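Here's the structure, in structure tokens; my notes come after.
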Amino acid sequence: MRKLSLAVALAAATLAVPAFAQDMSAPAPAPADNSAAMGEAAAPDGSKAFGIEPYFGIMGGWEQFDNERGHGIPQAVNANGTLRNNYKPSGSLVQGVVGVNIPLGPVFIGAEGNAIKGIEGNIDWEYGAAGRFGFRAGDSGIIYGKVGYQWVNFDHFSGRSNMVADTGRDYSAITYGIGAEVGPQSIGLKGITGNAGFRIRAEVNTFGDAQSLRPMLGVITHF
């Protein structure tokens, strides 16, 4: 079920790329600075097409880990070996992110770190880092993929697993994700924050071999 959900999300992102590309090919509005007059390339929103763009943000969402014998995060066990049926390897989360984008004309690359705190269930903390790559679209939007490594700590957990790392409560694996960001100029609010300001981000990530599904939504502030 997790793999099917991720496949649907990937397909939706793939279909969205041509629409974004068409939007990018439309005539750009007058640049907000004098970059065009200086003969410099400009992004659709008038900002420079090349540079460094640091950012930070906060997001909220949910994560569900697969919890089956022999697959994903293992089922928690009691001291006598019986299953702890009240254990929840899922729940709502709050996430902080910090990173940097490097625009390269119509595309960009970047790197990002994250810290996650579980609000309910038995997910305690998560930490990770990932590289991002994607397309700049519209006036202030981007669509991207990401790949990195994530560490997950469960609260009062004990079990056995075939994950990359297993130390009782701590697990780690490669993480993959797709997402998009949209700024105020792309939703009819041009000029509210200028070329910097905020973007709304929506993304979905998975842990290991599609062993979790983590949809997140939040606000990213660029400067």
Does at least one position in the range 82-99 carry a residue that is at pLDDT below 80, open to solvent by less than 60 Å² (accessible area, probe 1.4 Å) and not β-branched (Val, Ile, Thr)? yes
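Criterion first (of a type in the set (Lys, Arg), at pLDDT 85 or above and open to solvent by 50 Å² or more (accessible area, probe 1.4 Å)) does Lys146 satisfy it?
Numbers: of a type in the set (Lys, Arg): yes; at pLDDT 85 or above: yes; open to solvent by 50 Å² or more (accessible area, probe 1.4 Å): no.
No, not satisfied.
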Taking the options Arg201, Arg160, Arg169, name whichever one is modelled with pLDDT under 90 and either under 14 Å from Asn114 (Cβ atoms) or surrounded by fewer than 16 Cβ atoms within 10 Å (Cβ to Cβ) (or both). Arg160
Exactly one condition in (1) crowded, with 19+ Cβ neighbours inside 10 Å; (2) modelled with pLDDT under 95 is false for Gly105; which is it? (1)
Flag for Ser35 being at negative phi, modelled with pLDDT under 65 and touching a strand residue (DSSP E or B) at 6+ places or on another chain (Cβ under 6 Å): yes
Among the residues in the range 212-219, are any more than 17 Å from Ile58 (Cβ to Cβ) and either at pLDDT below 85 or not basic (Lys, Arg) (or both)? yes
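The values are calculated or read from the model by the stated rules, or taken from the named source; none is laboratory data. All of these numbers come straight from a predicted model, not from anything done at the bench. When we count neighbours, we look across all protein chains shown, and the Cβ atoms used for this are built from the backbone with ideal geometry, even at glycine. Heavy atoms of the whole protein, side chains included, go into the accessibility calculation; ligands, DNA and RNA do not. Shrake-Rupley method; radii C 1.70, N 1.55, O 1.52, S 1.80 Å.
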